[in-house]
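Below is one structure, written out as structure tokens; the observations come after it.
The values are calculated or read from the model by the stated rules, or taken from the named source; none is laboratory data. All values reported here derive from a predicted model rather than from experimental measurement. So basically every Cβ, Gly included, is an ideal-geometry build from the backbone, and we count neighbours across all protein chains shown. The area values use the complete protein model at the heavy-atom level, side chains included, leaving out ligands, DNA and RNA. Shrake-Rupley method; radii C 1.70, N 1.55, O 1.52, S 1.80 Å.
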Amino acid sequence: MTTTPQKAKHLLILLIKILIVAAAFYFIYRQLAHNDQLDWEKFTVLFKKNQSVGGILFLLLLSVGNRFFEILKWQNLVASFRKISLYQATQQVLGALTAGIFTPNGLGEYAGKALFYKKPLAKKIVFLNLVCNGIQMVLTVLFGILGLLYFNAQFDIITTKTVAVIAAAILIVLLATFFLKSFAIKGYSLEKLIHKINQIPKPIHNKNLVLGFCRYLVFSHQYYFLFLAFDVDLPYLTLLSAITSIYFLASSLPTFQFLDFAVKGSVAVYFFGLLGVNEWIVVFISTLMWLLNVVIPVVIGSYFVLNFKMKPAV
């Protein structure tokens, strides 16, 4: 028989789940309804002109691929201590994405994934999520720097002196990291973190790297194909270097998932403005990327949040 405290607890959990989903949809609505830069009439005209069922399905397929590689990454990392099914990995990734949509830099995702596991595993799950996001960040920085150097060589937006200052700053950070790796704060140090990362089997790291690379290729080229769909005719390397630069610079700014398109959009407006691309096209493409890769997964993730059981299954 269910006691009154248990009933109250179940009711509280239900209210929290409804609030998370309601807040997610509210933030999405606000960004679409109150963005003065979005001219839906222009978009409708261009969409009718270039509409293609095959093209729409292809873009949706890329969105599925983007999240699918992320789900495979998570399943692969959790396999370091426990096997989970593809459905469980999907439930955890999309549910956590929904929970983290209105937290800074998606920090809510860490807590969201941890809730799917028993309390003693919470630190391990947070750590694995750090590794999961970390490899994506490394790839974003690596390709972003290469893209920025190529873009700068073409348009000379950064002076040689600035490049030298940035290079010196990176060198100082790397040297400081090396010499201070044993420095501990409350028992945590970079050396311990590296040791913990090395404890994960090498095949899992290798697979994580490959899946992260595949995911990067998918979402960067989805951006590229959207520009082609909007009749933006630019050389492949120029367009891709701008895209990788945008992701690199935008990822280094603190933001919320529901503001992701606004941050990337503002950076994109500057870069594509140098290429002569109309501002409203850039804003719309950034918004569409957000709709395809954040909003749709959040809608699906809402189902997992509403069906979440407080007692962890794994």
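Quick look at the values:
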| item | result |
| --- | --- |
| Wholly enclosed helices (runs of 4 or more DSSP H) of segment 222-314 bearing at least 2 residues within 24 Å of residue 133 (Cβ to Cβ), charged (D, E, K, R) and at pLDDT below 85 | 260-274 |
| Residue list for segment 119-141, filter: of a type in the set (A, V, I, L, M) and closer than 22 Å to residue 241 by Cα | 135, 137, 138, 139, 141 |
| Of all residues in segment 197-216 being farther than 15 Å from residue 72 by Cα and assigned to a helix (DSSP H, G or I), the one that is least open to solvent (accessible area, probe 1.4 Å) | 197 |
| Which numbered condition residue 183 fails, given (1) closer than 28 Å to residue 101 by Cβ; (2) aromatic (Phe, Trp, Tyr); (3) at pLDDT below 85 | (1) |
| Tally, over segment 62-111, of residues that are open to solvent by less than 10 Å² (accessible area, probe 1.4 Å), at negative phi and outside any helix (DSSP H, G or I) | 2 |
